[in-house]
Amino acid sequence: MTVGIRGKLLLITGTIVFIALVILTSIQVSLQREAFEEELHKRTALMKENLYQQATFQAETLERFVTENIASYNLLALTYSVQQAAQENQDLEYVVILDDNNKVYVHTADESQQLETFVPPEGWSSAKTTTTDKGHAITLIGKQNSESLMAFRVPLQIGSSKWGNMLLVYSLARLNDQVALSQQENEQRLSSLTLRTYFLGLAVLIVAYFLISQLSLRLVAPILSLSRFAKDLSEGDFSNTDKITSNAKDEVGALTRNFAHMAIRVEQSRRQQAEYNQTLEKEVNQRTNELNLKNDELTKALDGLEESQQQLIHSEKMAALGQLVAGIAHEINTPLGAIKASVGNTSKYLSLFIDGFSVFLMGANNDDKALLRDLLTHARHERVSSTREERKIKRRLITILDEHQINRSDEVADMLVDMELSDHLPRMLPALSQPSAFKVVELAHRLTGVGRNSETVRTAIGRASKVVFALKNFAHHDNTGHMISSDINLGIQTVLVLYQSLLKQECEVVEDFGELPMILCYPDELNQVWTNLIHNALYAMENSGRLIISTLSDGENIQVIITDNGCGIPEDIQSKIYESFFTTKPAGEGSGLGLGICKRIIDKHQGSIEFISRPGKTRFVVTLPINQ
């Protein structure tokens, strides 16, 4: 709901008047309440003071009778005078006469305590006691400001010595009733005063509202008239412009006259604007047609530029692949050579075994057959040991065989190492000591050679398949233009496989791959980034150094960190490395597009690439968002 100026004026002034009335009424009620409470406090103090004076007078009067009767040992008269005093005063609850040992001689309310130790009323021990200037002790028993009893203790003197005490216990019920009645009367008077004050404030508020309403109506009327004229002008109706007049000398009158002048000027400007708009519309239509033609040309040029960029990225990728062809060919030829050699060895071993097996069957005894069966049963060919380890095992076996005087110990040890039977040597020593043992071991070595060659072929095939698979993934080109879910670690490992021929030379590669989530990306383009960064690192180290590749994830981003200990990037060219066609490599070795293409690919993935470089350490950090 929209509130006008008049409504705002009424609301603001009414609120101010209301708040002022509430504050004044609250202050008046608070002051009146304080006055009533102070009056009640004085009245209560006066009533208590009257009760103290009455108790003092009665105690002094009764003290003379009590001391005379005690001095004369007239207990009957003592009891009568005390009871008489208790009955004459309606506020006096009871009187107790105590000796110096707190033993009861007279108790007007409870005769069972007579000649017994005095038992004070409940609450006596925690009550506050005051002493008058005459030596009388006054104890108020009960809650503060609402005590129920007042104990008035008077010392009794017989001659110059203290005999005991006289205790007068007064009820404060009548006093409390009078205080409560006074407080109730004050509350009623205060409520009546508050109600009258609020009614008076309401009447003042109503009168103020009426006066402010009439005043605001007179103030707002010219503004409402101007508002109607402004609405007509906004709708294009200038027929009432001559009616906008005012003879008032105040600000509203000046506003009205200025508004009338403005309306006339607006009407003139509107006519001129209409003529200008017609001319401008013709020019705009002409320029729009020209801009549409330019926009079509720019769109075609942008499409062509994007296509050229993709072709450039693919060309750079193929150029990098071309640099790796020789190494990849070597990586594939090496397992092919191993397969070829293993196939030839397999044929040779089978031929030698067939020739020797027939001779073995004709002349072998049971010990030789048992040895052959034992050798074939326990021979293995899956374990891959280094050449140093094999030499160490062979030397140990030769030492043991020489100790047992076994002929041709070096050849026997060599064959046992090939068959991975070094752990079984202590058990086989008796059989190996036989003269025909060498022929049996040689026959078993020939037959198990087929398994060893098969394992070599399997390893070579796996190595070649790994290279072919990496080459296939690297050369793959995605034409769909859509992001796909990919494993960043797998992409980096693919590039490392292709660079295996260079990495094997004198380069130490440290792989510190963390657990990364699958992310949506263009994997073939990111592989181009890893290729360029790894290739640049190897070039800077001249294929000899330490290359560290780390990956990690912080939940929002993935980071790939590639560090080398090469010569570094000179400080004076660090700002230019992402520029197209800028390179420090000799002619024919670099196009100057690699890092520029990397930067555009990372930007396409909404990521970032940063680096720090000094001689001996260069680190590139690529950051990719997990959620595109």
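Readers should treat all values here as calculations from the given coordinates under stated rules, not as data from a laboratory. For clarity, every value in this text was computed on a predicted model and none was experimentally measured. Cβ placement follows ideal geometry from the backbone for every residue including glycine, while neighbour counts extend to all protein chains displayed.
Of the peptides 280-290, 36-46, 171-181, the order by per-residue mean of other Cβ atoms within 10 Å, starting with the highest, comes out as 171-181, 36-46, 280-290. Assuming a ≥ b ≥ c are the square roots of the Cα gyration tensor eigenvalues, decide whether the range 5-189 counts as rounded (a/c under 1.5), prolate (otherwise, with a/b larger than b/c) or oblate. Verdict is prolate for the range 5-189. With respect to the cross-link table entries K300/K576; K42/K143; K128/K162; K42/K134; K369/K392, which display a Cα-Cα separation exceeding 26 Å? Violating the 26 Å limit, Cα to Cα: K300/K576; K369/K392.
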